[in-house]
Every structure is written in C-alpha cells, then in structure tokens.
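Derivation of every value follows stated rules applied to the coordinates shown; laboratory data play no part. Note that the coordinates shown come from a computational prediction; the quantities given were computed from them, not determined experimentally. Ideal geometry is used to build each Cβ from the backbone, glycine not excepted, and the neighbour counts take in all protein chains shown.
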Amino acid sequence: MLQVDFSQWFDLPQKGRVIGLNSFDTIHVLQYGDWYINVTILNSWVVMALITLIAWLTTRHLSTAQHVSKWQTALEALVLWLQREANETSGSRTNQYLGMAMGLFCFILVCNLLTFIPWFRPPTASLSTTMALAAVVFIAIPYFAIKNAGIKGYLRKFIEPVPLMLPMNIFSEFFSVFAMGLRLFGNMLSGVMFASILSAFVPFIAPLTMQTLGLLTGSIQAYIFALLAVVYSSSVKEEIVPEIITT
Amino acid sequence: MDSYAIIGAVSVFGACLCMGIGSIGSALGEGRAAAAALQAMAQQPDEANRIRSTMFVTLAMLETTALYAMLIAFLTLYANPFWNYAINQ
C-alpha cells in the first residue's frame with residue numbers, strides 16, 4: 001500500500017523540537033511496503049526540479065539581440081563569474097572544471113537558500129547528501145588528474161615528496177574529501193539546529209535574524225564546496241617542462 | 001547515581017568542553033588568516049578579488065577542526081552509543 005504521511009514533517013518545527021543527527025533521514029514521507037522515501041530525497045527532487053525548470057525556461061528563448069531577458073542576463077553573469085573563479089583557481093585556461101563546479105554550486109546554493117521556506121528541510125543538512133556530493137568529488141579527482149597528467153602523473157602524486165609519505169598521501173586523499181562533506185553538513189546542520197533551538201525560546205522575531213545569517217553562510221558554503229572541488233581536482237597538473245632558451 | 005544519570009551528565013559536560021576547547025584554535029587561526037588577508041588587500045587593492053576567494057577557501061579549511069568538535073559534541077548528545085548499552089542492560 002502506498003502511504004503518504006506528512007504529519008511528522010509538519011509538526012517538527014512548530015514544537016521547536018530539537019532535532020537529532022540523522023532525523024531528516026528518519027522522517028518517511030512516502031511508504032510502499034518496505035520501500036520508503038524520506039524528506040531528504042523528496043527535497044532533493046524538489047531542488048532538482050526547480051533548477052531544471054529555471055534552466056529550461058531560461059534557455060528556451062536565448063537571444064543575442066538587443067533585448068535579452070532578465071533571467072538570461074542573471075544566469076550568464078553567474079556562469080561567467082564561476083568560470084573566472086574556476087579558471088583562476090585551477091590555473092587552466094580551458095573550462096574543464098566549470099561543469100562540475102557549476103553543478104555542485106547550483107545544487108548546494110538552491111538547497112541552502114530554500115531554507116527560508118519554513119517547512120523545507122535542506123537536503124544538505126543530511127550527512128547522506130553531503131557525502132554523496134563528496135563522493136562525486138572523490139571520483140572527479142582521479143578523473144581530472146589522469147586526463148591532465150596521465151596515469152603515471154597521477155600515481156606520482158602519491159610518492160611525492162618522498163616515497164615514505166605514501167600512506168600519508170593515501171590518507172589525505174580520503175580525508176580531504178571526507179572533510180568537505182562533513183564541513184557542509186556541519187555548517188548546515190548547525191544553522192538548522194540553532195534556528196530550531198532559538199524558536200523554542202523566542203518564537204517570533206529572533207529566529208529571523210539567524211535565518212538571514214544562515215542564507216549568508218549557505219551561499220558561502222556553496223561557493224567554498226565548488227571551489228574546493230576545483231582545487232582538489234586541479235592538484236595534479238601536467239608537468240611543465242621549462243623551455244630551453246637558445247640564443 | 002545509576003548509569004543513566006552518569007551517562008547523561010558526562011555526555012553534556014563532555015559536549016560543552018569539546019565545543020569550547022575545540023573552537024579556540026580554529027577561532028584564533030581564522031582571525032590571523034583574515035587579518036593577514038585584509039592587510040594584503042589593503043596593500044594590493046588590484047589583487048583584492050583573488051585574495052578574497054583564496055581567503056574564503058582557507059577559512060573553510062581552518063573551520064574544519066571546529067566542525068569536527070561540533071560533530072563530536074552532537075554525537076555525544078544525540079547519537080551516544082552508550083545510551084543503547086545502558087538501555088539494553
């Protein structure tokens with residue numbers, strides 16, 4: 001039987017109940033036998049649908065004429081800004097990191113900005129979402145490294161500066177990405193938790209200030225996640241052979 | 001004092017200590033990093049954008065230690081494995 005249950009979802013913020021570590025994942029909205037869909041997955045779908053809808057509506061009428069729609073201008077500004085940031089950070093002239101950075105940035109930004117909707121639980125405040133995003137980066141690092149420097153160049157990274165550092169390098173490969181997921185999760189969870197604790201004491205105006213601060217933190221976190229993904233992916237570069245100047 | 005009370009008291013005490021002591025280092029480090037970045041921006045206003053983006057990334061990396069402390073604090077408060085041990089006994 002398909003069961004739809006929104007009751008738990010709605011009474012959570014109203015009682016100002018302090019929420020636990022993985023509580024978003026334990027609130028089941030849809031249930032079909034043993035299969036269930038929790039709030040995190042549902043909200044991820046909402047965010048994905050929103051991004052797709054905006055992108056589709058904007059790119060439907062692209063124009064280079066004098067009259068350019070507002071949405072096109074806004075998205076062009078966003079893409080150009082992130083392109084400049086990614087290229088400056090990675091030091092590459094090609095836009096190879098732009099797709100990954102843009103995808104991560106848009107998804108996390110929309111997730112974090114939608115927290116101002118009272119009953120929206122940001123998917124980024126769940127460890128499963130942030131670790132999935134970190135897994136994307138974890139796969140992207142060897143992909144870009146092998147693409148740019150070859151397998152040899154990628155494996156050489158592990159025995160630099162001395163082969164003695166091999167275990168340390170392998171650990172840091174895992175934990176740098178792990179820390180990325182944990183950082184996003186920690187920031188978003190602390191924002192959500194602080195707002196819910198505060199709304200238990202002062203239900204009216206005071207949580208608003210914290211939510212506003214949360215919007216700022218959320219956008220900075222989205223920027224940092226995308227930029228760190230670019231930094232880690234571009235850590236292995238093509239060996240630059242210095243040109244011998246012959247006169 | 002039964003085991004529930006001991007576990008509860010130690011958890012809250014540990015979480016507070018963890019958060020308080022754990023954030024000292026990261027706060028001092030972030031302050032130093034931001035001060036250095038502001039100084040560099042004042043000296044070279046042309047490079048301000050680049051310095052700012054690097055500063056944000058550095059701050060995020062420095063913040064990680066405080067976030068680890070926060071995660072441990074949350075774990076001791078909300079997902080404490082010793083609660084289940086005490087309940088099952």
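Some observations on this one:
- Helices in chain A that qualify as membrane-span-like (whole DSSP H runs, Cα extent of at least 24 Å along the helix axis, mean Kyte-Doolittle hydropathy of 0.0 or higher) are A:39-60, A:127-156, A:166-201, A:206-233.
- Amide hydrogen neighbours beyond the local backbone of A:V29, cut-off 5 Å, H modeled: A:I37, A:N38, A:V39
- Proxy reagent accessibility, fewest Cβ within 10 Å first, across A:V202, A:V79, A:V47: A:V202, A:V79, A:V47
- Virtual paramagnetic centre 7 Å along Cα→Cβ of B:I7, amide N under 13 Å, in region B:55-89: B:76-89
- Projected label distance in nm at A:A77 and B:V57, using a 7 Å step from Cα toward the beta-carbon: 2.5
- Taking every residue in A:179-188 and counting other chain Cβ atoms within 10 Å of its Cβ, the average works out to 4.
- For chain A, built as a Gaussian network whose Cα springs stay under 10 Å, the top-fluctuating residue of A:L113, A:L30, A:L184: A:L30
- Spin-label model, A:I139 to A:E88: label points 7 Å out along the Cα-to-beta-carbon direction sit 3.1 nm apart.
- Taken over the protein assembly as shown, lysine pairs spaced eight or more positions apart, or on distinct chains, with alpha carbons under 28 Å apart number 4.
- Packing, as the average of other Cβ atoms within 10 Å across residues, places the peptides A:134-145, B:48-59 in the order A:134-145, B:48-59, highest first.
- With helices as the sole contributors, chain B gives -32000 deg cm²/dmol at 222 nm; each DSSP H run of n ≥ 4 counts as -39500 (n - 2.57), and the sum is divided by every residue.
- FRET E, pair A:L155, A:F116, Förster distance 56 Å, beta-carbon r, rounded to 0.05: 0.75
- Overall dimensions of the protein assembly as shown, expressed as equivalent-ellipsoid semi-axes from the Cα gyration tensor (√(5λ), whole Å, largest first), are 37, 28, 22.
- The packing ranking, built from the mean of other Cβ atoms within 10 Å per residue, places the peptides A:186-193, A:98-105 in the order A:186-193, A:98-105, highest first.
- For region A:2-233, size of Cβ-based charge dipole, Lys and Arg +1, Asp and Glu -1, in debye: 420
- Inter-chain neighbour count for A:219-232: the average number of beta-carbon atoms from partner chains within 10 Å of each residue's beta-carbon is 2.
- Panel note: the C-alpha atoms of chain B, placed on their principal axes, show extents of 66, 18, 10 Å (largest first).
- Exercise: per-residue mean of other protein chain Cβ atoms within 10 Å, B:59-71: 5
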